[in-house]
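First the structure, in the form of structure tokens, and then the observations on it.
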Amino acid sequence: MSDNRTIELHDNATYIENYGDGPKKKEGKAKAEENFRPLPESLANPQGLMVLSSLAIHGFLDEHFQPKGLSVAKTAVLASQISTKLGIQNVWVVFGTFWNIDKENLRSAFNKGMDQQQMSGFIGETAKSINVC
């Protein structure tokens, strides 16, 4: 079975019908698999899943618990907040690996982010989601 078929219509019009696992569908699957990362052990527990799910529901994380539209500074602050709530000791290693961000970049972004005035508003917003349990 091919990925599509072309039907020639009147007046030089062409109709293309795609079906099956065509190139675009395969590309989408590959991208989804690339975004998926298994949960670190320190997050794969009922409390961790509840916090991550709440953050996803409120739009801070996507369906794979990856940061959604956040700057690296906000991502680092969020990692710190989650780690504080769940008692995760090696925050930059855990979240750097899980979120595919260099641990030193994450740590540095946290320090810079905490100097930003707007970060207190972000911390207040995310705290509501993090303190669900």
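Cα-based values for segment 39-130, radius of gyration first and Dmax second, are 11.9, 33 Å.
What is the calculated FRET efficiency for Glu104 to Glu63, with r their C-beta to C-beta distance and R₀ = 25 Å, to the nearest 0.05? The value I calculate is 0.35. Here Thr126, Thr75, Thr84 are placed in order of increasing Cβ neighbour count within 10 Å, fewest first, which gives Thr84, Thr126, Thr75. In this rough spin-label picture, where each label sits 7 Å from Cα along the Cβ direction, the Gln118-Leu49 distance is 3.5 nm.
Computed from the coordinates by the stated procedures, all read-outs in this text should not be read as laboratory data. Keep in mind that this is a model prediction, so the values were computed, not measured. Neighbour counts run over all protein chains shown; Cβ positions are idealised from the backbone, glycine included.
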